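Peer 1: Got a structure for you, written out below as structure tokens; questions coming shortly.
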There are 2 protein chains.
Amino acid sequence: MSDAKHIAIAGATGAVGEELLNCLAQRKFPIAKLTLLASARSAGKTLPFGGEEIEVQELTMNSFEGVDIALFSAGGGISKQFAPAAVAAGAVVVDNSSAFRMDEGVPLVVPEVNGEDAQNHDGIIANPNCTTIITLMGLNPLHRAFGGVTKIIASSYQAVSGSGASGILELDAQLSAIAHGEPIPDRQVYLHQIANNVIPHVDVFTENGYTKEEMKMFHEGRKILHVPDLKASVTCVRVPVHRSHAVAVTAVFENEPDVDQARKAISAAPGVEVRDEPFADPPIYPTPLDTTNGDDCLVGRIRRDLVLDNALTFWVVGDQVRKGAALNAVQIAELL
Amino acid sequence: MSDAKHIAIAGATGAVGEELLNCLAQRKFPIAKLTLLASARSAGKTLPFGGEEIEVQELTMNSFEGVDIALFSAGGGISKQFAPAAVAAGAVVVDNSSAFRMDEGVPLVVPEVNGEDAQNHDGIIANPNCTTIITLMGLNPLHRAFGGVTKIIASSYQAVSGSGASGILELDAQLSAIAHGEPIPDRQVYLHQIANNVIPHVDVFTENGYTKEEMKMFHEGRKILHVPDLKASVTCVRVPVHRSHAVAVTAVFENEPDVDQARKAISAAPGVEVRDEPFADPPIYPTPLDTTNGDDCLVGRIRRDLVLDNALTFWVVGDQVRKGAALNAVQIAELL
């Protein structure tokens, strides 16, 4: 048990916090002590872990004494406020927010893609954006196989879990109202009805007309893949799906790609599987429901792009709460 | 009343057939006589039009005597079987199926885009694919403004109405089952559950790994825009939305495009409106619900593409049953 760690979870009562507990348990993470932290409002609640009920404590500046690894998933504001205190207390922070992702000295890590970067931290390691993680899980094996990726054009189909538990509740409340012939309840999370609709707006708009979410693929992709001149043009769209993201990706490579080689490269990579038999009866490709509550990302619809040279178009799907957030964070912790 | 026509609708009892009746009524199409045709199974039903109940007759080879314009919307097989009989009887056929779209001598017409092509028919005019129509409604003003479009990369968010009334019924049955905690009923239309899911598979797969639906934008786009070397690479995805399609489009032009000019060009075009204020509070962009039961397509999210030169990325939405099918067919009939 000498390797067992004192783990703290800041934001334990959220959708990702709950999944962090699932991932730690399922992966038998060696835990000496587990400290669950949340806002004063949630303090005193208990959450089940390993057959025990663990009481949630209020997150304060003094919460991190003796903590080895602090998993933050309570939003960027909380991370900015409390992560430095965790580091000062000697913990390594794995932060699920966007607060530190682009900071120099903060590794931004998808373990299957750039796990080695995790070692060069100054106390904080950032967990990338969920859509970026899932896209790169499909793209990285192709990036390695075809001499490097240079351009990405992508459109996302993002689940409401990306907005936290409240996103799921809002979709379900609208679906229930429609099914029962009742008026749609007031919206709290999205600007528009999300049931029976799709919304091309995730995170806030930036000066160039792209949203922050769309620019994350651009900036985080460069950092994770170590391709400083990578260009990405993305349209991020919220869809009425509970918890798996899908992304339609066109990627341009330095070398000429091949569809069969692409399937082999992805099949050989960890954490991602190929589901791509367009000529089978019935044809095989992944849908968001296929990855729900699963660890692996799934890739299908791999084909030569018809417009761009040296380009493939494909479709990648992953569970937003797991690989897009909690699982990736726990995998980072495992690297420590 | 000398201009009033004898109109026949083949497939009158389907989702598009019903909308054809709505469009004819709303647009006060000059009708001398209306003949409603469907399979033997539906013969004898009545449908309301202009305050009367009109009896549906069985579609046969002899259904078209005296008919001026026959609107077909009963699938490609029915069109192939019966459209020649209608033409032989002296009718002009406006066909909503894909049966004749790529045939030489058959104009493929979006009235706002290439209405003049409708005059060069040999008895049949084809109504384009719904996703292609809606995409071109947003793209054509930019094609005219920026020296011609050369490349399209697009991802669609397609409503279940594209599968006909049965697609809508299947989505609603699944949503109802989920809301009532009941098992999902057996599927008839889609290979996968469509509620709480998205499916990257519309129409059958072709040899190059693209679906027929995806290749329609490629081939139909060339014919409608008169750009024989246009290239299009599309991912078509079914989403749990009732009846409006959305498309995320990246388009490359001969000349350098400008976002403000693009907004002006679209605003000045018929049948399409700009809803694009990313810096308003709240930001303005269109969603599928905004076009449901409406005639105009809506465009937003117009921005310089970050990857390709001379390129814009935008988002276009339109009602699949109306502009994607019935309205466009009635507009073609109005050109005659």
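The values are calculated or read from the model by the stated rules, or taken from the named source; none is laboratory data. Note that the structure is a prediction, hence the values are computed from the model and not measured. Glycine gets a Cβ as well: all are built from the backbone with ideal geometry, and neighbour counts include every protein chain shown. The area values use the complete protein model at the heavy-atom level, side chains included, leaving out ligands, DNA and RNA. Shrake-Rupley method; radii C 1.70, N 1.55, O 1.52, S 1.80 Å.
Peer 1: Looking at chain B only, what percent of DSSP beta bridges run antiparallel? Nearest 5 please.
Peer 2: Approximately 50 percent, going by the DSSP bridge assignments.
Peer 1: Averaged across the residues of A:166-179, what count of C-beta atoms belonging to other chains lies within 10 Å of each residue's C-beta?
Peer 2: What the average comes to for A:166-179 is 2.
Peer 1: Right, something else. Computed over the Cα atoms, what is the radius of gyration of the range B:132-320 divided by 2.2 N^0.38 Å, N being its residue count? Before the final figure, lay out the partial values.
Peer 2: Numbers: Rg = 17.4 Å, N = 189, 2.2 N^0.38 = 16.1 Å.
In units of the globular-protein estimate, the range B:132-320 measures up at 1.08.
Peer 1: Mind checking B:295-307 for the average number of partner chain beta-carbons within 10 Å of each residue's beta-carbon?
Peer 2: Whole-number average of other-chain Cβ neighbours for B:295-307 is 4.
Peer 1: Quote the accessible area belonging to A:Thr132 in square angstrom, nearest 10, computed with a 1.4 Å probe and with ligands, DNA and RNA left uncounted.
Peer 2: Near enough 0 Å² of accessible area.
Peer 1: Report Rg (one decimal) and Dmax (nearest whole number) for the protein assembly as shown, counting Cα atoms only, units Å.
Peer 2: 26.9, 95
Peer 1: Cβ under 10 Å from B:Gly162's Cβ, B:Gly162 left aside: what net charge do those residues give with Lys, Arg +1 and Asp, Glu -1?
Peer 2: Working: positive: B:Arg238, B:Arg243; negative: B:Asp203, B:Glu213.
Combined, the nearby Lys, Arg, Asp and Glu give 0.
Peer 1: State the answer as a single residue: which of B:Pro286, B:Met217, B:Leu171 lies farthest towards the positive end of the charge dipole of the range B:132-320, with beta carbon charges of +1 for Lys and Arg and -1 for Asp and Glu, about the Cα centre.
Peer 2: B:Met217
Peer 1: Shifting gears a bit: What's the total accessible area buried between chains A and B, using a 1.4 Å probe, rounded to the nearest 100 Å²?
Peer 2: 5100 Å²
Peer 1: A further question follows. Give a residue-ordered list of calculated ³J(HN,Hα) values for the range B:219-229 (Karplus: 6.51 cos²θ - 1.76 cosθ + 1.60, θ = phi - 60°; whole Hz; x for Gly, Pro).
Peer 2: Per residue, the Karplus-derived 3J(HN,Hα) values read 6, 5, x, 4, 5, 5, 7, 6, 10, x, 10 Hz.
Peer 1: Where a Cα-Cα gap under 16 Å defines reach, which aspartates and glutamates qualify for B:Lys33, not counting those fewer than 8 residues away within the same chain?
Peer 2: Cross-link targets: B:Asp3, B:Glu52, B:Glu53, B:Glu55, B:Glu65, B:Asp68, B:Glu334.
Peer 1: For the range B:141-182, what does the accessible surface come to per residue with a 1.4 Å probe? Please give it in Å².
Peer 2: Value returned for the range B:141-182: 33 Å² of accessible area per residue.
Peer 1: Another question, then. Residue separation times 0.36 nm, minus the C-alpha to C-alpha distance between B:Ala43 and B:Phe279: what's the value?
Peer 2: 79.5 nm
Peer 1: Report which residues of the range B:182-215 become buried by 30 Å² or more of accessible surface when going from the isolated chain to the complete set of protein chains (1.4 Å probe; DNA, RNA and ligands ignored).
Peer 2: Residues of the range B:182-215 that lose at least 30 Å² of accessible area once the other chains are added: B:Leu191, B:His192, B:Asn196, B:Asn197, B:Val198, B:Pro200, B:Phe205, B:Gly209, B:Tyr210.
Peer 1: Now a separate question. Under 28 Å Cα to Cα from A:Lys212, which lysines show up? Leave out anything in the same chain fewer than 8 places away.
Peer 2: The reachable lysines, counting only those whose Cα sits under 28 Å from A:Lys212, are A:Lys80, A:Lys151, A:Lys223, A:Lys231, A:Lys323, B:Lys151, B:Lys264.
Peer 1: How far is it, in nm, from the label point at B:Val259 to the one at A:Asp309 when both lie 7 Å from their Cα along the line to the Cβ?
Peer 2: About 3.0 nm, to one decimal.
Peer 1: On full extension of the chain, what length is gained from A:Ala165 through A:Leu335, given 0.36 nm per residue of separation minus the C-alpha to C-alpha distance?
Peer 2: 58.4 nm
Peer 1: How far is B:Asp295 from the same spot in each other copy, in nm, shortest first, if each label point sits 7 Å from Cα toward Cβ?
Peer 2: Distances between equivalent label points, in nm: 5.8.
Peer 1: Give me the percent of the accessible area of chain B that comes from carbon and sulfur atoms, probe 1.4 Å, all protein chains in place.
Peer 2: 47 percent
Peer 1: Okay, next question. Per residue of B:146-155, what is the mean number of Cβ atoms on other protein chains within 10 angstrom of that residue's Cβ?
Peer 2: The per-residue average across the peptide is 4.
Peer 1: Let me know the charge dipole size of the protein assembly as shown about its Cα centre in debye, to the nearest 20, where only the beta-carbon of Lys, Arg (+1) and Asp, Glu (-1) is charged. Mind dumping the intermediate values first?
Peer 2: Values: 52 positive and 82 negative charges, 13 e Å.
Charge dipole of the protein assembly as shown: 60 debye, to the nearest 20.
Peer 1: Here's a follow-up. In the protein assembly as shown, what % of DSSP beta bridges are antiparallel (nearest 5)?
Peer 2: Values: 58 of 118 bridges.
Roughly 50 percent of the DSSP beta bridges within the protein assembly as shown come out antiparallel.
Peer 1: Within chain A, what's the longest stretch lacking trypsin sites (Lys or Arg not before Pro) that sit in DSSP loops with no more than 15 other Cβ atoms inside 10 Å?
Peer 2: Here the longest run is A:188-336.
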